[in-house]
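Everything below concerns the one structure shown next.
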């Protein structure tokens, strides 16, 4: 999977490293902004109310 | 296709065959077929094993990558939950308090900008003014808890829904419990961990500690009367008379609820308090805000 991705990135090694890092940062940002806030209500901690 | 590492001499080959093939098959081959055929046969077998091995390696490698990805995902989620939500929550709650832009209590200030002596609020006489019930999600008060540090100030908003109030806005007021100044139990909930954790140090509160609620115009100074740990369904802690379901209100109470133990939903940590006095914001600052509470070992 990652090998396939690496082979399909264009350019010399340093360009690929930069593209890979940008991809990683973009995915992390998407997780932080959209995915994790959606998941967190289903987590079994953080309940603070009675009733 | 011939491998590069294919040994050219037959004696080497036989040595290799003994290593890699079952011996009884070797025997039969050597009896019926010539050395060349034997060699081809071995190569074919070897190639077959290699493809099978490669396929297996690919599947295992892919599985491994999936597992590593899942591990990184979980780790990132924890980083987000335990660290990022605090950063976001603290910044957001600070912004909400700043945006209220309420009148500052009167402060005597020197030419150097240093606060000299703030007028101490004198307890007002009579029943406290009742804060009107706000819209859902509206921030109508702020909470000062000197035990949590001199800079502790958090917004209180209407409602206790997690995604819309407790996570983004901080402390939430249980709908249908009393408002500040109203007879009954002013009950609020807040996170003890994550999302800015407004009630992180709730277990440090001692009997007698001040819980100070400020609305636009009024200070309400409560004192902690007891703390307890209950099951999540024990609604009587937010009853008009705390702990006594069904009784009608006979005083001005406050109740704080948060999770217990930390990072768990198993129980709730409850702090009850009672109104000690109230006063108008324009008349000064509660004495409890001007000094740090004594350290309790």
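The values are calculated or read from the model by the stated rules, or taken from the named source; none is laboratory data. Since we're looking at a predicted model, the values are computed, not measured. When we count neighbours, we look across all protein chains shown, and the Cβ atoms used for this are built from the backbone with ideal geometry, even at glycine.
Name the strands (runs of 3 or more DSSP E) wholly inside region B:191-266 in which the number of residues that are under 23 Å from residue B:163 (Cβ atoms) and at pLDDT below 95 is 1 or more. First the steps, then the outcome.
Details: elements: B:210-214, B:218-230, B:252-260.
Per the criteria, B:252-260.
Is it true that some residue in region B:270-280 is over 28 Å from residue B:102 (Cα atoms), at pLDDT 95 or above and within 14 Å of chain A (Cβ to nearest Cβ)? Don't jump to the end; show me each part of the working.
If we filter region B:270-280 for residues that are over 28 Å from residue B:102 (Cα atoms), which is where we start, we get B:270.
From what is left, the residues that are at pLDDT 95 or above are B:270.
Cutting the leftovers down to within 14 Å of chain A (Cβ to nearest Cβ) gives us B:270.
Checked region B:270-280: at least one residue is over 28 Å from residue B:102 (Cα atoms), at pLDDT 95 or above and within 14 Å of chain A (Cβ to nearest Cβ).
Might you let me know whether region B:28-41 holds any residue that is modelled with pLDDT under 90, within 14 Å of another protein chain (Cβ to nearest Cβ) and assigned to a helix (DSSP H, G or I)? Write out each step before concluding.
Pass one, region B:28-41, residues modelled with pLDDT under 90: B:28-41.
Filter once more, keeping what is within 14 Å of another protein chain (Cβ to nearest Cβ): none.
Checked against the condition, which is being modelled with pLDDT under 90, within 14 Å of another protein chain (Cβ to nearest Cβ) and assigned to a helix (DSSP H, G or I), region B:28-41 yields no hits at all.
Rundown of residues vs (1) touching a strand residue (DSSP E or B) at 6+ places or on another chain (Cβ under 8 Å); (2) surrounded by 11 or more Cβ atoms within 10 Å (Cβ to Cβ); (3) outside any loop (DSSP other than H, G, I, E, B), yes/no style:
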position: A:3; (1), (2), (3): no, yes, yes
position: A:10; (1), (2), (3): no, no, no
position: A:34; (1), (2), (3): no, no, yes
position: A:38; (1), (2), (3): no, no, yes
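Take residue A:10 and decide whether it is more than 11 Å from chain B (Cβ to nearest Cβ) and over 20 Å from the mean Cα position of the chain (by Cα).
Numbers: more than 11 Å from chain B (Cβ to nearest Cβ): yes; over 20 Å from the mean Cα position of the chain (by Cα): yes.
When the stated conditions are applied, residue A:10 passes them.
Would you pick out the residues in region B:138-159 that are over 22 Å from residue B:207 (Cα atoms) and either out of contact with any strand residue (DSSP E or B) (no Cβ under 6 Å at 6 or more places or on another chain) or modelled with pLDDT under 95 (or both)?
Within region B:138-159, B:140 is the sole residue that qualifies.
Residues checked against (1) in contact with a helix residue (DSSP H, G or I) (Cβ under 6 Å, 6 or more places away or on another chain); (2) buried (at least 21 other Cβ atoms within 10 Å of the Cβ):
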| position | (1), (2) |
| --- | --- |
| B:243 | yes, no |
| B:264 | no, no |
| B:269 | yes, yes |
| B:273 | no, yes |
| B:278 | no, yes |
| B:283 | no, no |
| B:287 | no, no |
| B:291 | no, no |
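Within region B:178-190, can you find the residues that are assigned to a loop (DSSP other than H, G, I, E, B) and under 23 Å from residue B:279 (Cβ atoms)? Explain how you work it out, then say what you get.
First, the residues of region B:178-190 that are assigned to a loop (DSSP other than H, G, I, E, B): B:178-183, B:190.
Correct list: B:178, B:179, B:180, B:181, B:182, B:183.
I'd like the full set of residues that are more than 7 Å from chain B (Cβ to nearest Cβ) and surrounded by 11 or more Cβ atoms within 10 Å (Cβ to Cβ), limited to region A:40-50. Even if it seems obvious, please write down each step before you answer.
Quick first cut of region A:40-50, residues more than 7 Å from chain B (Cβ to nearest Cβ) only: A:42-43.
Correct list: A:43 only.
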